[in-house]
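The values are calculated or read from the model by the stated rules, or taken from the named source; none is laboratory data. Worth saying up front: this structure is predicted, and the values here are computed from it rather than measured. We place every Cβ from the backbone using ideal geometry, glycine too, and count neighbours over all the protein chains shown. For accessibility, only protein heavy atoms count, side chains too; no ligands or nucleic acids. Shrake-Rupley method; radii C 1.70, N 1.55, O 1.52, S 1.80 Å.
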Amino acid sequence: MDTTVIESSEFIKVLSDNSVERFTPLTAPASLDLYNGYMCKDVTIDPLKPITARIFTPSTTVAAPLPVLMYFHGGGFCIGSTTWLGYHHFLGDLSAASESIIISVDYRLAPENKLPIAYEDCYASLVWLSQQKPTEPWLQNADLSRVFLSGDSAGGNIAYHVAIRAIRDEECPVRIIGIIPIHPYFGSEKRTELEMRQGSTDDVKSNDMFWRLSIPEGLNRDYEGCNLERVEVSKSEWNRFPNVLVFVAGLDFLKERGEAYAEFLNKKGVKEVKLIETKDEKHVFHVFRPDSESTRLLQKQMNDFINSV
């Protein structure tokens, strides 16, 4: 049966029969063999939904508990995977350099699973972490009092919303002490200056499409998952918000969104908010060039943050 393309970009096509075709770059399998100072394996968080993850663990012989970094991949909530080659190498190298356990989560994607499902899936990964620690050998050294949330683009957005939920959940089984959003993906009905520039037309068109596919039916870009200022957070909750390190890229048309995020957190009284701009780089450069000098610097800055909090 013939179908019509109703949404399309170089990364995703949504057809009139509700089927979805996604861009798939090179992928990497998990390997129990030691490579560049780390090992990794795939695990299932919830087989019914499904939610899966890839665990990276460093080859350290240190017996002391290791910090845990939960990483949520980007892709406008519609594409992306822990198996993508760029994520695999970036997170594996970061695990070895920072001597931390990294859990990269594959949450359910829109448009089949619109927001807030991605938030729910990623919060479920925190619960899974606490439940599996007693029996999963790779988590025996996990320090659940030193958990970080990180992610790029949409994953940076997810880290923010998962952190809020963790603060509100009196039974949250882990202690989040820092979040590290990389080129975080937020929006609103009001355009930024960069979004209104003539040279941003194609980027804005693609950006609008991803939000249209991921936001719940009947809502616009002032939905609380998109417009960070629409989330109702009390003063006492802001006082418990973890330290934040925000990365933006100099050539990213969404740079102003990341800068506004850092400024927003500062105004709300979050105890420590640091903003770092990587000059002359584009959106999520570390995924497409995991071996670049800029990516190595990004890893070092993340490592310094993880080991200083």
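Structure summary
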| read-out | value |
| --- | --- |
| Residue among S125, S130, S150 that is surrounded by 20 or more Cβ atoms within 10 Å (Cβ to Cβ), touching a Leu at 6+ places or on another chain (Cβ under 9 Å) and hydroxyl-bearing (S, T, Y) | S150 |
| Residue that is nearest to G76 (Cα to Cα) [pool: residues in the stretch 129-156 that are within 16 Å of the chain's Cα centre (by Cα) and outside any helix (DSSP H, G or I)] | S153 |
| Set A118, A166, A159: member being more than 18 Å from F285 (Cα to Cα), touching a Gly at 6+ places or on another chain (Cβ under 7 Å) and not in a loop (DSSP other than H, G, I, E, B) | A159 |
| The stretch 240-279 - residue that is closer than 19 Å to L298 by Cβ and part of a helix (DSSP H, G or I) and, of those, most open to solvent (accessible area, probe 1.4 Å) | E259 |
| Residue in the stretch 188-196 that is open to solvent by 10 Å² or more (accessible area, probe 1.4 Å), small (G, A, S), within 21 Å of R221 (Cα to Cα) and in contact (Cβ under 8 Å) with a residue 24 or more places away in the chain present | yes |
| Selection from the stretch 284-309 of residues that are within 16 Å of the chain's Cα centre (by Cα) and farther than 24 Å from V147 by Cβ | F285, F288 |
| Subset of the stretch 1-15 that is in a loop (DSSP other than H, G, I, E, B) and open to solvent by 70 Å² or more (accessible area, probe 1.4 Å) - its residue that is farthest from V287 (Cα to Cα) | M1 |
| In the stretch 70-116, residue nearest to L48 (Cα to Cα) [restricted to those that are hydroxyl-bearing (S, T, Y) and crowded, with 22+ Cβ neighbours inside 10 Å] | Y107 |
| Among (1) in contact with a Pro (Cβ under 9 Å, 6 or more places away or on another chain); (2) under 22 Å from I176 (Cβ atoms); (3) open to solvent by 70 Å² or more (accessible area, probe 1.4 Å), the one test that V309 misses | (3) |
| Residue satisfying all of: in the stretch 16-53; in contact with a strand residue (DSSP E or B) (Cβ under 8 Å, 6 or more places away or on another chain) and farther than 28 Å from T135 by Cβ; most open to solvent (accessible area, probe 1.4 Å) among these | L26 |
| Qualifying residue in the stretch 169-192 (condition: part of a helix (DSSP H, G or I) and modelled with pLDDT of 95 or more) | no |
| Qualifying residue in the stretch 218-239 (condition: open to solvent by less than 10 Å² (accessible area, probe 1.4 Å) and within 16 Å of the chain's Cα centre (by Cα)) | yes |
